[in-house]
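Contents: one structure, followed by commentary.
Read-outs throughout are calculated quantities, based only on the coordinates presented, and are distinct from any laboratory measurement. Because the structure is a prediction, the values reported are computed rather than measured.
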């Protein structure tokens, strides 16, 4: 669970850095409309992942106090698997953003 949280925090930091670079390019009168769209998609994915992370944490906590730990464990595993996929999606979006940024700098 901590690994997912730290990965999400790293992507959040990377997205913030990319946002600052986009603002610098915008200040230099570079057309960044395509980058802004990609950035918003990445931010939305990151926010959704943050919400899912909170729900996974609740599921794991319910394992300790719940009546049916087996069902809670299965649900938590399913959410964790979904989280892993979401983190991969964020990674792909960040890679796409970086490639687009590099293309603008040329």
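Can you match Kirkwood radius over Cα pairs in Å to one of these, (1) 15.2; (2) 19.8; (3) 13.6, based on a calculation from the structure here? Calculated Kirkwood radius over Cα pairs in Å: the matching label is (1).
Structure remark: mean-square fluctuation, Gaussian network model of the chain, C-alpha springs under 10 Å; the largest value among 45, 35, 63 belongs to 63. The calculated 222 nm mean residue ellipticity attributable to helices in the chain amounts to -33000 deg cm²/dmol, summing -39500 (n - 2.57) over DSSP H runs of n ≥ 4 and dividing by all residues.
Using the Kirkwood radius over Cα pairs, work out the Stokes-Einstein diffusion coefficient for the stretch 31-85 at 37 °C and 0.692 mPa s, in µm²/s as a whole number.
Values: Rh = 12.7 Å.
Approximately 258 µm²/s, per Stokes-Einstein.
Centroid-to-centroid, using Cα positions, the stretch 10-61 and the stretch 72-103 are 12 Å apart.
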